Amino acid sequence: MKIVSPILLGLSLAAAGSTLTAAQTTQQMQMPKVIQVFREYIKPGKSGAIHDNSESHFVQAMAGAKWPTHYIALNSLSGKSRALYMTAYDSFDAWQKDTDAMNKNASLSAAVDMAGMTDGDLLESTDAGVLSYDEDLSYRANGDLSFVRYFEITSFRIKPGHRKEWHDLVAMVMDAHKKAGTSANWATFDLAYGGDGDTYIVISEDKSMADIDKGYAEDKKFQDALGEEGMKKFSEMVADTIDRSDSELFEINPRQSYPRDEWVKANPDFWMPKHAAMSMGGASGQ
């Protein structure tokens, strides 16, 4: 796949692995409608165990309050050193209710504020964004992260006035993957707040880096499914529709995450490493 353009690499999403097999997941979890993403840019030399320890104070605060809203932490494996903290909600209204409830919980609010003061010393800067799920532009998306280890996140800035062409382009990609029988999967989100308009965030999941290898190997199937004329049309549509794109690789960090109990129960060795479980006193209800 290295011979094709970065945009084809990102949009074809052939590098998106099979994520979860039928034997690994007991139910298809509903994708969240809204995701709040808080991004931290880490100072040089302040990542790794130092940042894990700082972030553990947030996890301990949430676990101590038995807070029902969970989040996952992603650490960058490409680009500038940064961490993403993703909190999922069923709606914007659910997000507000969660925020209001937290503000009324004096002990939790105080613990989070104290953790934030300590964590701030490790950071260069922070920002935040809000994502809104688009089911029509998603393909085999699964909300169960029990066995997921890596996220491939691609942002697409669409040229103004080309949303219909973007939908047509994604439909072409979906049809080609179905025809080729690849293992591709992705969830598409509209960047509702916190960035340029007409921006889509496409997230694919991998349970191991072997899934990425598999995706590269499957790219020929994708191109064969499109055919020579289809590839030509595809390239033209990309040029006409997409202003720019960027692909990055992230790894889930369980030590900085406050995961759902069902994920922990399904894969405790990953979500609750022994030394982390001891230091957090059984966070996440385990």
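Phi angles of region 131-139 translate, via the Karplus equation with coefficients 6.51, -1.76, 1.60 and θ = phi - 60°, into HN-Hα couplings of 10, 10, 5, 10, 5, 5, 9, 9, 9 Hz per residue; Gly and Pro are given as x.
Roughly how tilted is helix 209-241, in degrees to the nearest 10 and between 0 and 90, from the longest Cα axis of the chain? Computed tilt is about 50 degrees. Phi angles across region 45-53 convert, under the Karplus curve 6.51 cos²θ - 1.76 cosθ + 1.60 with θ = phi - 60°, into 3J(HN,Hα) values of x, 10, 8, x, 4, 4, 6, 4, 5 Hz, Gly and Pro given as x. All other residues whose Cβ lies under 10 angstrom from that of residue 187 are scored, Lys and Arg at +1 and Asp and Glu at -1, for a net of -2. Listed cross-link partners 179/233; 33/178; 164/232; 43/207; 178/214 are compared with a 22 Å cut-off, the Cα-Cα value being larger for 33/178; 43/207.
First select every other residue whose beta carbon is under 15 angstrom from the beta carbon of residue 114; then total the charges, Lys and Arg +1, Asp and Glu -1. Here the charged neighbours net out to -4.
Can you give the calculated 222 nm mean residue ellipticity of the chain, where each DSSP H run of n ≥ 4 adds -39,500 (n - 2.57) and the sum is split over every residue, rounded to the nearest 500 deg cm²/dmol?
About -13000 deg cm²/dmol.
When the Gaussian network model of the chain links Cα atoms closer than 10 Å, the mean-square fluctuations of 33, 97, 179 top out at 97. Return the single residue from 168, 93, 211 with maximal mean-square fluctuation; model: Gaussian network over the chain, springs between Cα atoms under 10 Å. Checking each option, the largest mean-square fluctuation is seen for 93. Indicate the gyration tensor shape class of region 31-147 (rounded, prolate or oblate), computed on the Cα atoms with a ≥ b ≥ c the square roots of the eigenvalues: a/c under 1.5 is rounded; otherwise a/b larger than b/c is prolate and the rest oblate. Since a/c reaches 1.5 but b/c is at least a/b, the shape of region 31-147 is classed as oblate. Taking only Cα atoms and a 10 Å spring cutoff, compute GNM fluctuations for the chain and point out the largest among 186, 67, 271. Between 186, 67, 271, it is 67 that shows the largest mean-square fluctuation. Shape call for region 117-266 from the C-alpha gyration tensor, a ≥ b ≥ c root eigenvalues: rounded (a/c under 1.5), prolate (a/b greater than b/c) or oblate? It is oblate, given that a/c is not under 1.5 and a/b is not larger than b/c.
Amide H to amide H distances under 5 Å link residue 243 with 157, 158, 159, where only residues 5 or more positions off or on other chains count and H is placed in the peptide plane. The alpha carbons of region 180-256 stretch over 47, 34, 16 Å along the principal axes, in descending order.
If you take the charge dipole of region 79-194 about its Cα centre, with +1 on Lys and Arg Cβ and -1 on Asp and Glu Cβ, which of 194, 167, 102 is farthest toward its positive end? Among 194, 167, 102, the one farthest towards the positive end of the dipole of region 79-194 is 167.
Read the figures in this text as sums done on the coordinates, not as results from a lab. Since this is a predicted model, take the numbers as computed values, not measurements. Reconstructed Cβ throughout: ideal geometry from the backbone, glycine too, with neighbour counts over all protein chains shown.
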